[in-house]
Every structure is written in structure tokens, then in C-alpha cells.
Amino acid sequence: MMSLPRVLCFAAALIAPLTLAEAGVSKIERIVITVSDIARTERFFHDGLEFETIGKKTVIDPDHARLLGVKDAHLQILTMRIGSEVVDFAEYDQKGKAYPADSRSPDLWFQHFAGVRGGAGSAVGMFCSPPS
């Protein structure tokens, strides 16, 4: 017999395509990755992966904090782009719980994203060429 969480997940998987189609969802505008150090994140993605910074803002909005379940949160948002792909990185002023030290990529809390850069050759070249 399936547990209630498995039944709910199964039901959601069956209903989700209908809900998305009915809602008219055609694309994901961008993703948001929560980070612990926005300045370090910007240096890594700009200097190491050639992302371009296209915006920075501070969000101080009680409704936004309530929506996310983070009481009185102030949020720094860094918006970066590579090619036509845009990603937001968000740092909360209230630090949360760190990822477990033994985290691995298939863990449910591990966040992944891929940005289209132009071609595999240029991406490989960026990592295989000596630093300038």
C-alpha cells in the first residue's frame, strides 16, 4: 500500500500537466538561487563563468517575506546573464540552515541549473585554457 505522501505526489504528477496547460504556462522566465554570500557569488559567476551582472536590488517587503515564510526578511537580489539566459541570486539578511556537509547532487535540496552559452566547444575552452 502506498503512503499518503506518495499518493499525493503521484496525484500531483498526474494533475500538473493539466494545470500548467490550463494556466497557459509556456516558459520559465528565470530561476532564483538562494546563496549565502552575494558578493562571492557575483565574483564566481562573473570572473569564473563569464556571466554579466545586469542588476542588483534590495527587497524589503513584508508581503514578500510572509509569502516565503521568512519573518521580516530583507533580501539582496543579484541578476546575472549569460547569453540570453538570466538567473537571480538571492541572499537573505537572516541566515538559514546550511546544507549538510555530506550533500550530494541527487539530494532533493541540491539546486541545479544550466545556462546556454553558445556551444560546448567554447565552454570546454574556458575551463581548459590557462588563466590570462
Exercise. Among the residues of region 61-81, how many are farther than 16 Å from residue 93 by Cβ and of a type outside the set (Asp, Glu)?
Worked result: 4
For this session: Output yes when any residue across region 62-78 is touching a Gly at 6+ places or on another chain (Cβ under 6 Å) and not hydrophobic (A, V, I, L, M, F, W, C), and no when none is.
Result: no
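Coordinate-derived values only; no laboratory data. Please read all numbers here as calculations on a predicted model, not as lab measurements. Note that we place each Cβ from the backbone using ideal geometry, even for glycine, and neighbour counts take in every protein chain shown.
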